[in-house]
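A quick write-up on the structure given underneath.
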Amino acid sequence: MPAKRYYSEEDFERGVTLAQLKRVGRERRQAYVTDWFGRNFEDPAQNTPYNSREGGYLYVMGGPYDALEEIEQEFDSVIAFDELEGIAAELTADGTVDWAPGPEHPDIRRAHHPEEPEDEPAPSALDLDDLISQLESGAATRFGSEDEQHERAQLIERITALENEIERLRPTHGGIGHNQPPTDHVDSEAAPSSSLSDELANELNAAAASAKVELAKPEPEALTVAKSVSWLRRSLEFLSKSAVDGAAKEVGKNALLIVAVPLGTSLAAKILEVISAAIHWLGTVITPFF
């Protein structure tokens, strides 16, 4: 699923992802948050029925909502609380403290378009292929910020854990070629060493090492890292498909199925953790287009 995007009056076409939002500067960040809030919430005086006898609005479509609570719930993973407080103060400066759902609020959309599927975007749903496409198209990258260093350290840690898992599963003798179907009846929690051939272990390690070596540089080549992680993702797809004797398996780009991986959930989980961490890191280093 494509990453959820946020817009502003100056950037109403392309938008930015949640991970990119923390790289755009405080003023631009406020513009994106304010636009999001305006799309999802409104002054109840606009459309909410009013009970003159009771002297209050009837929030029949949901609410009332608090501005700070709502923007904190949406953006606290990338914006500091004191900054969100400042934005909420601007939103309520005219005296409106209770808000009704606006035209793009999920409650309103469900009421008007019940057939539409629920939105399920999240920071980890950023599309790896989309990020690679941006880099191949010449997207600028920036390194050295506190966020970037934190995300890079997390990614390196996940890669190291994957390398350790690969070595744990490497056979002590022999091993089948990875172009052949996996052995049946493999324990999902403690796969036998013969489940992973030397050839496949070497290839997985090579992809992990390529990304790790690049990440050790002051200014890594983000595209090299992204393509190495993409190879790991494809290897997981291959392992998933191999597990069911050639039966077709629909595997999402990032929400990969790990239940069918013959080497056990431990290896699959480690690969998925690398993919997720890489997506978050790439989101911090790619400069948004404006």
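Extents of the stretch 23-117, taken as max minus min of Cα coordinates on every principal axis and listed largest first, are 46, 35, 17 Å. Estimated at 0.36 nm per residue, the fully extended path between PHE143 and GLU83 surpasses their Cα-Cα distance by 19.3 nm.
Backbone geometry of the stretch 5-21 corresponds, through the Karplus equation with coefficients 6.51, -1.76 and 1.60 at θ = phi - 60°, to 3J(HN,Hα) couplings of 10, 10, 10, 8, 4, 7, 10, 9, 10, 7, x, 10, 7, 4, 5, 6, 4 Hz, x marking Gly and Pro.
Here each label is just a point 7 Å from Cα along the line to Cβ, and for THR287 and ARG168 those points are 4.2 nm apart.
When the Cα atoms of the stretch 14-58 are aligned to their principal axes, the ranges along those axes come out at 49, 18, 13 Å in descending order.
Among TRP231, TRP99, TRP281, the order by Cβ neighbours within 10 angstrom, fewest to most, reads TRP231, TRP99, TRP281.
This ranking places SER266, SER145 by how few other beta-carbon atoms lie within 10 Å of each, fewest first, which gives SER145, SER266.
Restricting the stretch 1-86 to chymotrypsin sites (Phe, Trp or Tyr not before Pro) that sit in a DSSP loop and have at most 13 other Cβ atoms within 10 Å of their own Cβ leaves PHE12. Amide H contacts under 5 Å for TYR57: ASN51, restricted to partners 5 or more places along the chain or on a different chain, H placed in the peptide plane at 1.01 Å from N.
Every read-out reported here was derived from the displayed coordinates using simple, explicitly stated rules and does not represent laboratory data. Quick caveat: nothing in here was measured; it's all calculated off a predicted structure. Heads up, the Cβs are rebuilt from the backbone with ideal geometry, glycines too, and the neighbour counts pull from every protein chain shown.
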